[in-house]
Every structure is written in C-alpha cells, then in structure tokens.
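One structure below.
The values are calculated or read from the model by the stated rules, or taken from the named source; none is laboratory data. Just so it is clear, the model here is predicted, and its values are computed rather than measured. Cβ atoms come from the backbone with ideal geometry, glycine included; neighbour counts cover every protein chain shown. What goes into the accessible areas is simple: the full protein's heavy atoms, side chains included, and nothing from ligands, DNA or RNA. Shrake-Rupley method; radii C 1.70, N 1.55, O 1.52, S 1.80 Å.
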Amino acid sequence: MILLVPRQTASNGWQIATPVMAVLATMVTGGLLFAIMGYDPVAAIRTIFWDPLFGPAASYSRPQLLIKAAPLILIASGLAIGFRAGIWNIGAEGQYIIGAITGAAVALALYPLEAWWLFPLMVLAGLAGGWAWGMIPALLRNWFGASEILVSLMLVYVAQRVAAWMAFGPMRNPEGMGFPGSRNLQQYPSAANPELIAGTGAHWGVVAAAVAVLATWVLMSRHIRGFHIRAAGTAPRAARFAGVSPTTLVAFCLGLSGALAGAAGLFEVAGPAGQITDNLGTGYGFTAIIVAFLGRLHPVGILLAGLLLALTYIGGELAQLTMSLPAATVQVFQGMLLFFLLGFDLLTRFRIRRRVRA
C-alpha cells in the first residue's frame, strides 16, 4: 500500500520539477489522444511545439509568440501577487475586457485628434477600468464577506455583455455600414499600438509585460508590501498579529491584478485586435491563471510559462490549418496541463512511502 507522508517544508526540487513533469505528461497524453482520434501523434506534437519556432512558417509564427505571450504574462504577474496572499481573482478576463473598453473609449471620444499624449492617456484609462472592475469583488469581500472567487467570476459575464452592448451601441463605428464593432484603432495613428521593432512582434504591451515581471520581483522580494503578502499567504493569523490589515491587502491585490489585466486589454485592442467587438474576450484572463501556477507564482517562472502557453496558441492554430485538428485542441492542452500540474504538485508537499505489512 502507498502512503502520502507530509513533508516538514515544501521541496524546492519538486517545485522546479513538477512543472516540467506536467508539460511532459501533457505532451504524452495529448499524443495518445491524437492517436485515438486518428491523427499522427508525433506530427501533431511537432506541429504544436516545434513548427511555430523552427518550421516552414516560423518567420510568421515567431513574432506571434511575443504578441500572444505579452497579455498572458502581464495578467499572470498581477494574479500571482494575489494568489501568494491567498486572494483569488478568477475574473481577470472581465477586467481585461473592461480595460479594453475604457481605454478605447478615450480614443473614440477624442477622434480624430492627433496628439502624442493620447496613447498614454488610453493606457491610464485601461489601468483605471481594470482597477475599478477588480475593486468590486474587493469591496464586496471587505464589506460583506462575499467570496471574491464567485464575484470576480460572475463579473466576467457582465463584462462580456457590456462589450456586446458597446459594439452594437455607443461605440459602433458610424462609418461601418451598420456592422457591430468600433472604429479600427490601428488606423488611428495616435491611438494605435504599433510594432516597435519590425519583424519581432514587440509592441508596447510586450514592454509593459517585461516591466511587470521586473516590478513584481522587486515587490515580492525587496518591498515591505511583498513581505506582508507572503506572510498573509503563509500564516494569516500571524500576519494579522504583525499588523497586516487583511482589508487593505485584499483591496491592494485585487486592484493591482485588475489594473494589469485592464492594461493588457488596452494594449490588445489598440494593437492586434484593433477594435471593440461583441466577442472581445479572448480567454487570456483564464489562461493566465494556468500561467501563474505553471510559473510557480514566481516572476521568472511566469515569463517562461507565458511563452510556453503562447506557443500552444500558435501551434494549435497551425495544427488546425495543416492537419485539420479540432479548434478545441488548445483548450484541451491547457486543461490537461493544469490537471497534471495540480496532480504532480502533491509531490512538493508529500513524500510517497510504501507501507510494509507486519
């Protein structure tokens, strides 16, 4: 019989090994799934994980890696701070959508103004919109004890309806012949989020993601607020005795994660997406949860995990085109990755022992 024996402290070695094991297990299980569906498993795995970087279409796919990874890293950096404190923001997708709407609203309200300060103002509006949407579950938890998990998640669906209303109503392009959707911000120079270095895919969202990774590391390892966050997540009662205010921490973590998600939405709508539409949500807010946990809630890990999950997006699209794989391939891979990560994570807190019969 197998026994699980609790460890005195979490194993650092297993914390590094379990994400790698989860990725390998996902690839093996995904290959078996493809074989059952009648596809060549080796070709499918190669198309998803190898061809975007080194295949015939790599010149197009490699720049897409940064485009896809930037919002994931930016959102996951904010989520990880709250997760370290035991504060669970599951609704980053809604904050992403609201940030995109508020940022785009500034540009559309001032159209066709050409000014250098317009795009920075849009970024501030995106941050403010995401922050305000994140503060709703924070205030409801602090005032009424409501679960931030349920409130933030339900607000995602409210945000989606707001986006649809904007696309069909107040933000609809008056020159769009009645079709839903706002003006294309990529065609509005002062409001556009262009590629900064040709052929790399790097735009201002990539820069913001890099800054977020660095700032998160400084916050968590060099700032007193980071100590409060770690203490609240490890020993909540001890943190309260040390003077850490739970209500302040909830507002800080949910507000910050909401602001970063809102900024990610703004960079996306001013760049790759281009406009407000009725299906503005991309799923980045949910995928960023996987990125945060796969990266072990550490800034460097989040950077690597964001690139890996971005690779699955690009590889999944490539597999649909070249092998006619189902469109749900990416979601299946992401779901299996989270499943195996949570399963293998047991090894960081428990040792496996075999009971010897007397």
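Before moving on, here are some points about what is shown:
- Farthest towards the positive end of the charge dipole of region 39-145, among the residues GLY91, GLY134, ALA80, is the Cα of ALA80, using unit charges on the Cβ of Lys, Arg, Asp and Glu.
- Using Cβ point charges alone (K and R +1, D and E -1), the dipole size of the chain about the Cα centre works out to roughly 1860 debye.
- For region 276-351, taking Cα atoms only, Rg and Dmax work out to 14.3, 50 Å respectively.
- Whole-number D in µm² s⁻¹ for region 255-313, Kirkwood Cα-pair radius fed into Stokes-Einstein, 4 °C, 1.567 mPa s: 105
- Helices in the chain, meaning DSSP H runs of at least 4 residues, each add -39500 (n - 2.57). Divided by all residues, the mean residue ellipticity at 222 nm is -23000 deg cm²/dmol.
- As a rough guide to protection, the peptides 68-74, 299-305 ranked by mean Cβ packing within 10 Å, highest first, stand as 68-74, 299-305.
- Of the peptides 319-332, 245-258, the order by per-residue mean of other Cβ atoms within 10 Å, starting with the highest, comes out as 245-258, 319-332.
- The string of couplings for region 58-70 from the Karplus curve (6.51, -1.76, 1.60, θ = phi - 60°) is 5, 4, 8, 6, 4, x, 5, 4, 5, 4, 6, 6, 4 Hz, one whole number per residue in order, with x for Gly and Pro.
- Sorted largest first, extent of region 172-296 alpha carbons per principal axis (Å): 62, 32, 27
- Each peptide in 287-295, 17-25 gets a packing score, the mean of other Cβ atoms within 10 Å over its residues, and the list from highest to lowest is 287-295, 17-25.
- Rg over Rh for region 17-137 works out to 1.12, using Cα positions for both radii and the Kirkwood form for Rh.
- Accessible area of the chain belonging to carbon and sulfur atoms, whole % at 1.4 Å probe: 68
- With kT/(6 pi eta Rh) evaluated at 37 °C and eta = 0.692 mPa s, and Rh the Kirkwood radius from Cα pairs, region 62-291 diffuses with a coefficient of 185 µm²/s according to Stokes-Einstein.
- Annotation: amide H of PHE350 within the under-5 Å range of ARG7, sequence separation 5 or more or interchain, hydrogens built in the peptide plane.
- Dipole-positive endmost among GLY233, PRO194, LEU121 within region 62-291 (Cβ charges, Cα centre): GLY233
- Ranking by accessible area, most exposed first, for TRP143, TRP204 with a 1.4 Å probe: TRP143, TRP204
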